[in-house]
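The values are calculated or read from the model by the stated rules, or taken from the named source; none is laboratory data. The model shown is predicted, which means the values in this text are computed figures rather than measured ones. Using ideal geometry, Cβ is built from the backbone for each residue, glycine included, and neighbour counts are taken over all protein chains shown. The protein model used for the area step is the full one, side chains on, heavy atoms only, and it has no ligands, DNA or RNA in it. Shrake-Rupley method; radii C 1.70, N 1.55, O 1.52, S 1.80 Å.
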Amino acid sequence: MESRVLSRATAFATFSHLRKPSRDSHHNVGFVSVKPIGAVGEGGNVIWGRQLRPALLLESSLAPVGLFFTGRRENLRTSIVPTAASASSSGEGSDSSGEAKVVAPVGFFEKYPALVTGFFFFMWYFLNVIFNILNKKIYNYFPYPYFVSVIHLFVGVVYCLLSWSVNLPKRAPIDSKLLKLLIPVAACHALGHVTSNVSFAAVAVSFTHTIKALEPFFNAAASQFILGQSIPITLWLSLAPVVLGVSMASLTELSFNWLGFISAMISNISFTYRSIYSKKAMTDMDSTNVYAYISIIALVICIPPAIIVEGPQLIKHGFSDAIAKVGMVKFVSDLFWVGMFYHLYNQLATNTLERVAPLTHAVGNVLKRVFVIGFSILAFGNKISTQTGIGTSIAILGVAMYSYIKAKMEEEKRQAKAA
């Protein structure tokens with residue numbers, strides 16, 4: 001049937017002469033309303049500028065006023081809408097049926113993927129550096145790492161709850177089985193987070209991150225002796241510079257104390273076990289929802305120790321001393337923003353991992369640690385000895401070698417399975 005495009009005047013005149021069909025009529029008149037480009041379809045969610053359930057989007061300037069169908073009502077989703085181009089071609093006497101393909105517009109994410117990925121890396125580094133600097137500044141006038149750790153998680157949990165309330169993203173349901181799997185992960189996350197903050201409060205930020213460079217060594221040891229996985233000799237050899245570099249840096253670190261050193265080591269062990277339990281708790285749930293649930297459980301775990309260890313001191317003089325030094329407004333705003341930066345940089349690290357290969361993410365993680373160490377030294381003017389500087393460089397180089405070899409092995413395994 002030859003298609004025709006009706007002008008607004010013609011459409012209005014035609015509509016005025018139409019009789020309203022009776023309820024038992026076998027012939028129905030259908031009218032398609034057209035949404036402009038950029039409209040969100042019903043039930044759709046927009047995350048990072050992307051629509052999860054795309055709807056049929058047509059330019060209103062090119063769309064006709066309506067379509068008339070004779071016979072039974074057709075499915076609106078499969079209706080073919082003629083465009084102005086097809087209308088003009090049919091008006092010129094062509095044999096075209098008036099059908100036209102609707103080409104979805106190319107979004108910014110699809111058009112410039114490299115630029116978007118670079119932005120993710122930049123924001124990941126930027127938020128991580130800002131978090132570490134602001135976190136240490138808070139500890140300089142408010143040395144209560146247990147309470148600050150709770151604030152980090154609390155602000156993140158509030159952020160997640162608000163995001164769920166507007167379906168960005170939509171909250172994934174959780175059952176008792178998945179909850180049991182996530183509790184050990186969250187417990188290790190809570191312990192690792194608190195002990196990291198105890199170390200940050202006790203020693204220089206650069207020294208804590210140097211010690212935390214040993215985390216791959218603990219991961220390899222746990223894989224070998226706990227999970228029973230065979231670790232190649234090349235992977236072990238790549239960890240030798242890490243151990244050597246951390247040892248050199250620790251011997252001459254000016255801010256060294258055993259509380260900061262041991263807390264950072266406990267943090268390494270905790271995050272290693274978190275990785276082990278995470279593998280056992282593999283789920284189809286998206287990473288954003290998983291991290292939200294882990295944060296909620298970790299917050300519940302962290303609150304009792306914070307009350308027991310630091311509660312009496314906070315009530316007696318902790319809060320009053322901090323407010324006297326910097327004022328109520330700055331104190332509250334610092335706690336809010338450090339919690340927000342903590343949550344956002346962790347979430348961006350996850351989002352970045354989803355966009356790049358594991359090897360790229362591993363190298364990026366090493367460079368992130370270099371950025372944090374370098375900017376923390378500049379921000380606080382920490383004096384480091386020559387041996388500490390050399391040791392830190394050797395440790396970072398060893399982590400880079402380990403990350404490269406490890407990611408390369410994982411890539412070869414995936415290619416072998418695919419073949």
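Things to note:
- Some residue of segment 334-352 being open to solvent by less than 50 Å² (accessible area, probe 1.4 Å) and not in a helix (DSSP H, G or I): no
- Within segment 366-383, the set of residues being under 18 Å from N140 (Cβ atoms) and aromatic (F, W, Y) comprises F375, F380.
- Condition check for L115: in a loop (DSSP other than H, G, I, E, B), over 22 Å from D334 (Cβ atoms) and at pLDDT below 90: no
- Pairs, first over 15 Å from V198 (Cα atoms) in segment 265-276, second open to solvent by 70 Å² or more (accessible area, probe 1.4 Å), C-beta under 8 Å, six or more apart: I276/I226
- Subset of segment 116-132 [touching a Lys or Arg at 6+ places or on another chain (Cβ under 7 Å) and open to solvent by 10 Å² or more (accessible area, probe 1.4 Å)]: T117, F120, Y125
- Output for segment 144-173, where each listed residue is part of a loop (DSSP other than H, G, I, E, B) and open to solvent by 60 Å² or more (accessible area, probe 1.4 Å): V166, N167, L168, K170, R171, P173
- Checking F331, F380 one by one, the residue that is open to solvent by 50 Å² or more (accessible area, probe 1.4 Å), farther than 28 Å from L235 by Cα, touching a residue at least 12 places away in the same chain (Cβ under 8 Å) and touching a helix residue (DSSP H, G or I) at 6+ places or on another chain (Cβ under 7 Å) is F380 and no other.
- Some residue of segment 250-258 being surrounded by 15 or more Cβ atoms within 10 Å (Cβ to Cβ) and under 30 Å from the mean Cα position of the chain (by Cα): no
- Of all residues in segment 133-143, those that are open to solvent by 20 Å² or more (accessible area, probe 1.4 Å) and outside any helix (DSSP H, G or I) total 1.
- Lone qualifier among A190, A222, A202 - being on the phi < 0 side of the Ramachandran plot and surrounded by fewer than 20 Cβ atoms within 10 Å (Cβ to Cβ): A222
- Qualifying residue in segment 219-233 (condition: in contact (Cβ under 8 Å) with a residue 24 or more places away in the chain, among the small types (G, A, S) and assigned to a loop (DSSP other than H, G, I, E, B)): no
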